[in-house]
Amino acid sequence: MDIQAVDRENREIQIGLTVETPDPQLGRQTKTANFAVSYFDFPMIDNTRLERGQRCAVVLNSFSDQSADLTLVLLPGAYASLKEKPYYNEVLESVLSASKKLGP
């Protein structure tokens, strides 16, 4: 997570987030996202989609002239807002994994 800019007047921070995920077939997969975080962002609504149905969000806990306290939250996509429909590959992975658990 990189801090790109700070707006002290509005108490908002511009963040660059890079997430690397190992993949046995494709090698290491990298996802980047740039966004603003403030007191008015909520992790269940304002989050970034990751691999395998996961989400991550950044929460601004406190903000002063000298520092800010941020928390990175990882949550299952099922707990996130329904504003985005799942990608087809996520739906297929979910169905395939459920069918493997049930067996032939």
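General observations
- When peptides 10-16, 59-65 are ranked by their average number of other Cβ atoms within 10 Å per residue, the highest-first order is 10-16, 59-65.
- Phi to ³J(HN,Hα) by Karplus 6.51 cos²θ - 1.76 cosθ + 1.60 over the stretch 19-33, Hz, x for Gly, Pro: 10, 10, 10, x, 9, x, 8, 9, x, 6, 9, 10, 10, 10, 8
Quick note: the coordinates plus some simple rules give every number you see, no bench work behind them. No experiment lies behind these values; they were computed from the predicted model shown. Heads up, the Cβs are rebuilt from the backbone with ideal geometry, glycines too, and the neighbour counts pull from every protein chain shown.
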